[in-house]
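Inspection log for the structure reproduced underneath, given as structure tokens.
The values are calculated or read from the model by the stated rules, or taken from the named source; none is laboratory data. Small disclaimer: the values here were computed from a predicted structure and weren't measured. Every residue, glycine among them, receives a Cβ derived from its backbone with ideal geometry; neighbour counts consider all protein chains shown. Please note that ligands, DNA and RNA were not included when accessible areas were found on the heavy atoms of the full protein model with its side chains. Shrake-Rupley method; radii C 1.70, N 1.55, O 1.52, S 1.80 Å.
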Amino acid sequence: MQVPATFAYERADSVPHALELLERYGPEARVVAGGHSLIPMMKLRLAQPEALIDINGLAAELGRIAVEGDELAIGAMVRHAELLESATATGLFPIFQDAERVIADPIVRNRGTVGGSLCQGDPSEDLSAVFAALRATAVVQGPGGTRTVPIRRFHQGPYETAVAPNELLIELRVPVVPGAGSAYEKVERRVGDWPVAAAGAVLRVEGGVIAQAGIGLTAVGAGHFCAPEAEAHLVGRPPGEEAFARAGRIAAEHCEPHADQRGPADYKRHLAAELTRRALAGAAGRI
Amino acid sequence: MSFGRMHRKEDARFIRGRGTYVDDVRLPGMLHGAVLRSPHAHARIVSVDVSAAEAHPKVRAVITGQTLAGLNLAWMPTLSNDVQAVLATDKVRFQGQEVAFVVAEDRYAARDALELIEVEYEPLDAVVDARTALAPGAPLIRDDLEGKADNHIFDWEAGDRDRTAAIFEEAEVTVAQDMLYPRVHPAPLETCGAVADFDKVTGKLTVWCPTQAPHAHRTLYAMVAGLPEHKIRVISPDIGGGFGGKVGIYPGYVCAIVGSIVTGRPVKWMEDRSENLMSTAFARDYHMRGEVAATRDGRVRAIRVKVLADHGAFNGTAQPTKFPAGFFHVFTGSYDLESAHCEVSGVYTNKAPGGVAYACSFRVTEAVYLVERMMDVLAAELGVDPAELRMRNLLRPDQFPYTSPTGWEYDSGDYPKALRLAMDMAGYDKLRAEQAGKRARGELMGIGVSFFTEAVGAGPRKHMDILGLGMADGAELRVHPTGKAVLRVSCQSQGQGHETTFAQIVGHELGIPADDVEVVHGDTDQTPFGLGTYGSRSTPVSGAAAAIVARKVRDRAKLVAAAMLEASPDDLEWGDGRWSVVGDPSSGRSLAEIALAAHSNLELPEGVEGHLDAVTVYNPPNLTYPFGAYICAVDVDPGTGQVKVRRFVAVDDCGVRINPTIVEGQIHGGLADGIGMALMQVMAFDEDGNHLGASFMDYLLPTSMECPSWELGETVSPSPFHPIGAKGVGESATVGSPAAVVNAVVDALAPYGVRHADMPLTPANVWRTVNGDPFRTDLAIP
Ligand SMILES: Cc1cc2nc3c(=O)[nH]c(=O)nc-3n(C[C@H](O)[C@H](O)[C@H](O)COP(=O)(O)OP(=O)(O)OC[C@H]3O[C@@H](n4cnc5c(N)ncnc54)[C@H](O)[C@@H]3O)c2cc1C
């Protein structure tokens, strides 16, 4: 059995309380949400926080999925399983369903949270690509109040995010785009595995040409999990296999994948192109 | 009478969470151990400082290689007559090797204290690629062995070299193929561990440990540590999977024992998942080159094989002494050949020792994979359908018992019938038609066939022993006065359902319900000697012992029944679970009636002491040879390289099926294993010898999502060498299935000119293979 090192434990009962605890314990304290990334790292002793601030009591405050004005709000404590089952979220954006059904396994999905996924900042996180494709905005709260961070500026490097040690991620806000289609494509070595590569796409077509394109990529070294050059190529063009394939190639050119036991870099680059193409075609088919 | 489907008796406790595994053992005053492991694959140990760890308030002892050296226990013999470090004294030779052992009041403290031990290492170059282990100038791993100047362990050959060469000279067609059976791990749900309790007053040592061979462990502890054997009790409680990985003695067990002796308190040590994957017995790691000589019309004439076997840092393979490559020389498979020859060379590398584990029947897995891949390579060369090619070459029923070119005596079988059944079940011709249609549309579909012959039930004492211990199994059967029975066997179940199957065997022989037979196993103080459960040997050996001992009881019951009936034993006949006077069924006496009489004041004939109890030792006259025909259908996504196993048809012949449900369960598990090995499992190492598969994030086990709904079929060829005609089935599916999956994938890739690809066929590997640029699956992906 793997056992973590000693740590203090506090259970927060509100967002302000959690922020206060973070303040009190300082930068060596960590928030624990679902714990499915943090606890394994602690058991392997790759992470040794001095204190855990448990925010599982904040489900009422941070567990909502709701349309507010022209945005879909998804609380940081929404569990993967809840997002997967949310008719509101998946009805607007089928990409959530595509992605969530291939993230980990039901046991992990029952506990793991949207906020934890984004804050973990793993370069292979699926939801990072999904929210990047959707151009979401992150709402972050700290001692000085709340602020917003565009998701494409949220990740600042592997395992580094815009959330400071004394802040909490509160929710994600996704602009609701009427008439958009979305889809997600992932290659994994086995069900429940992290992606070898994955791509998400969001498309809106107006007057026969693409009016808006969002492409998210994960595990392939895409800056901020997105592919702006490929998106730019698509806007203004009629949707179709040729445009999608070209966009895939452009996206792949701008990736910097690394070889690991999931695959060599050239394969991952190939997947970036292939999965982008497939995700775009899937998204177009759902418009 | 008692053969047939019944629920497993052991399931009642398992499904209620009431099993008792080693980690469930809690003794008063018990301490906890943790092992400090080497971060390096190859390094000289400059110094080990344990003072800070010893100063930890909860630490009770810190044991190092030096401590053990003082007790003459720093090294221990392996199952292959090599030695292995218990705790390293001079060098570390693989990443994860045991360096020190901490005993503390709880698990957390023991683990914390590991971080307080200061070890200074001087890193050395590592031998990672087995293919360079013998190159001049390769780092020398085993400088502890006197006079050792290279990394060579053994050369071994079987078959007829010259005759085989002559056939190759004149053959119309020859093909050759290099292939790797990668290093994999059995990865049982329950990791290894031990609770050791040395009682200073009685001098008795009790060790709870998930061993597949409790009696062998006891004897080895006695021989190595000099403890008197009657003062050692090994208890192997419920085991969460063994697959061969729990046959040997691991350093952690020895450390737990020493820890208990040193502290005078019981010590529990349970390894974690990464420790299990990094340091316990691996399987396979055979670099093979196969060659086939055939006629143009597809008659296979000869096969020869060269193997480079990576045995890791210590030669610790578990196999009968005479066979350093296990039973690999059964590689002629299921075919009628003129001649065959194999050469196997074993080498040391900076990897964990082990070598036979993982449901492989002593390397029959590698052998079957080799020949079944070669048959497909030949089929591709000749342009013959792979099923048809096999049909042309399978042994015919009239050839049994059949002596193979490498000296095995196959017991029984109708091979063409099994293959035909599998083809019928699969709808083989339809599948091929579907494939042709798909190919025309640019879609990739593959059909893989594999036919295997297993060699299990080791084994006849005159040929087979492990460290001098002959591979015969004892059994004791006690019949209580009311006719309920207790069977004591030497082998131990890790999920095979012995408590049910063996009760059914006794029930069958004695005409009593299986529920009336309790099977006792896994405790050396309570059971007779025998070599344990692995190599699919339990039913062939201990199961035979159970049948024989039950027949002894039945014979004794006959004498008692004769006294009861005032008849001559010669006038009695057995039927319907009763002894009765010939021609007078109403005189019949059941076993329960006879048992009561045997314990009563009934006057018994001369030579019968009373009671019905009996003991036996079963020395198998031959191995048994289960076989089967497997057909797998896959779809491959050419854009991503992903493989989907769509169908899997498995026709198994394991002789008489005692409990078909248990047999099918064994087959289901083995087929899933095969998919795992073929598609996702490998323990690769980077150039520094770092283990790249040391967690379940990296070492992937298949799930139900990767497995199709298995389609099982059976033929039944009883073994003439077994008292009830059973052959053993534990490993059949693991042995036979990887080749079927790989053959299917390679078949799918045929339009790209692909003839072979090494396991595991991950999406990346498939895609690179399609692109003509495959990578080595045993090394870090570049
Ligand atoms: C077996 C397994 C398979 C997996 N497979 C996949 C996969 O295929 N794809 C994938 O994308 N992911 C995968 N994951 C990761 C999984 O999705 C994440 O573990 C999980 O969603 C992270 O969320 P959590 O709530 O468990 O985070 P935690 O582990 O609780 O936290 C992760 C990090 O985020 C911080 N944090 C959490 N919430 C907040 C907050 N509100 N504000 C500030 N900081 C916060 C924590 O301090 C910590 O540093 C897998 C995990 C496992 C165990």
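For B:E120 and B:E609, a Förster radius of 60 Å and the Cβ-Cβ distance give a FRET efficiency of 0.30, rounded to the nearest 0.05.
According to the square roots a ≥ b ≥ c of the eigenvalues of the Cα gyration tensor, what is the shape class of chain B, taking rounded for a/c under 1.5, prolate for a/b larger than b/c otherwise, and oblate for the remainder? Oblate is the answer for chain B, as a/c is 1.5 or above yet b/c matches or exceeds a/b. Under the simplified labelling scheme, the B:M697-B:A149 pair shows an inter-label distance of 4.7 nm, with each label point 7 Å from Cα along Cα→Cβ.
One Cα centroid belongs to the range B:560-578, the other to the range B:146-178; the line between them spans 60 Å.
Relative to the longest principal axis of the Cα atoms of chain A, helix A:265-285 runs at roughly 70 degrees. Taking a ≥ b ≥ c as the square roots of the eigenvalues of the Cα gyration tensor, the range A:8-57 is classed as oblate, since a/c reaches at least 1.5 and a/b does not exceed b/c.
Among the helices of chain B, those built from whole DSSP H runs whose Cα atoms reach 20 Å or more along their own axis and whose mean Kyte-Doolittle hydropathy is at least 0.0 are B:364-382, B:544-565, B:660-679, B:732-748. Accessible area per residue for chain B, computed on protein heavy atoms with a 1.4 Å probe, is 34 Å².
Note on B:R432 and B:R646: the extension gain reaches 75.6 nm, defined as 0.36 nm multiplied by sequence separation minus the Cα-Cα distance. Cross-link partners of B:K200 among lysines, defined as those whose alpha carbon lies under 27 angstrom from its own and excluding same-chain residues fewer than eight positions apart: B:K58, B:K231, B:K268.
Residues in the range A:65-175 average 37 Å² of solvent-accessible surface per residue, probe 1.4 Å, ligands and nucleic acids excluded. Measuring nothing but protein heavy atoms, the accessible surface of the range A:8-57 at 1.4 Å probe radius is 52 percent carbon and sulfur. Mean residue ellipticity at 222 nm, helices only, chain A: -10000 deg cm²/dmol; runs of at least 4 DSSP H residues each add -39,500 (n - 2.57), and the sum is divided by the number of residues. The accessible-area loss of the range A:1-49 on complex formation, taken against its chain alone with a 1.4 Å probe, reaches 10 Å² or more at A:M1, A:Q2, A:V3, A:P4, A:T6, A:L44, A:R45, A:Q48.
Rounded to the nearest 10 degrees, the angle from helix A:15-25 to the longest Cα principal axis of chain A is 60 degrees. Remark on the range B:690-708: accessible area falls by at least 50 square angstrom from chain-alone to full-complex state for B:M697, B:L700, probe 1.4 angstrom. Take the Cβ atoms of B:W710 and A:A59, set R0 to 41 Å, and the FRET efficiency comes out at 0.50. Under 5 Å from the amide H of B:D129 lies no amide H of any residue 5 or more positions distant or on a separate chain, with H modelled from the backbone and absent for Pro and chain starts. For the range B:93-119, accessible area lost to neighbouring protein chains reaches 50 Å² or more, against the chain alone with a 1.4 Å probe, at B:R107, B:Y108, B:R111.
Peptide B:759-772 shows a mean partner chain C-beta count of 4 within 10 Å per residue C-beta.
Model label sites at B:V201 and B:Y108, defined 7 Å from Cα along the beta-carbon direction, differ in position by 3.3 nm. Solvent-accessible area assigned to carbon and sulfur over chain B amounts to 50 percent, based on a 1.4 Å probe.
Sorted by mean Cβ packing within 10 Å, highest first, what order do the peptides B:47-53, B:273-279 take? Working shown, then result.
Working: B:47-53: 15.6, B:273-279: 22.6.
Going by the mean number of other Cβ atoms within 10 Å, highest first, we get B:273-279, B:47-53.
Peptide B:671-683 is shielded by partner chain Cβ atoms: per residue, an average of 1 of them sit within 10 Å of its Cβ. Inter-chain Cβ neighbour count for A:183-193, averaged per residue, equals 5 (cutoff 10 Å, partner chain atoms only). If you plug the beta carbon distance of B:D385 and B:S586 into 1/(1 + (r/R0)^6) with R0 = 45 Å, you get a FRET efficiency near 0.15.
What's the buried accessible area, both sides, between B and A using a 1.4 Å probe, rounded to 100 Å²? Its buried surface, counting both partners, is about 2600 Å². The charge dipole of the range A:73-131, taken about its Cα centre with unit charges on the Cβ of Lys, Arg, Asp and Glu (plus for the first two, minus for the last two), comes to roughly 140 debye. When the listed pairs B:K246/B:K462; B:K9/B:K727; A:K43/B:K246; B:K417/B:K552; A:K268/B:K430 are checked against a 29 Å cut-off, the alpha-carbon distance exceeds it for B:K417/B:K552; A:K268/B:K430. Derived scalar couplings between HN and Hα for the range A:176-191 equal 7, 10, x, x, 8, x, 8, 7, 9, 10, 9, 10, 10, 6, 7, 4 Hz in order, rounded to whole Hz, by the Karplus curve 6.51 cos²θ - 1.76 cosθ + 1.60 (θ = phi - 60°), x for Gly and Pro.
Mean residue ellipticity, 222 nm, helices only, chain B: the sum of -39500 (n - 2.57) across DSSP H runs of n ≥ 4, divided by residue count and rounded to 500, is -8000 deg cm²/dmol.
Based on alpha-carbon centroids, what's the gap between the range B:724-782 and the range A:70-137 in Å, whole number please? Distance between centres, Cα-based: 35 Å. The range B:287-312 and the range B:652-719 have Cα centres lying 25 Å from one another. For the range A:181-285, carbon and sulfur atoms together expose 49% of the accessible surface, with a 1.4 angstrom probe and every protein chain in place.
Quote to one decimal, in nm, the extra length available between B:Y21 and B:E157 on full extension: 0.36 nm per residue of separation minus the C-alpha distance between them.
44.8 nm
If the chain linking B:A750 and B:A166 were pulled fully straight, counting 0.36 nm for each residue of separation and taking away their Cα-Cα distance, it would gain 207.1 nm. Within the same chain, lysines fewer than 8 places from B:K351 are excluded, and of the rest, those with a Cα less than 16 Å from its Cα are B:K91. In order along the range A:207-219, the Karplus-derived 3J(HN,Hα) couplings, from 6.51 cos²θ - 1.76 cosθ + 1.60 at θ = phi - 60°, round to x, x, 10, 6, 8, 8, 9, x, 10, x, 9, 9, 6 Hz, and Gly and Pro are given as x. Annotation: per residue accessible area for the range A:8-57 equals 48 Å², rounded to a whole number [probe 1.4 Å, protein chains only]. Taking a ≥ b ≥ c as the square roots of the eigenvalues of the Cα gyration tensor, an a/c ratio of 1.5 or more together with a/b no larger than b/c marks the range B:1-144 as oblate.
Contact order for chain B, expressed relative to its length and based on alpha carbon pairs under 8 Å spaced 6+ residues apart, stands at 15 percent.
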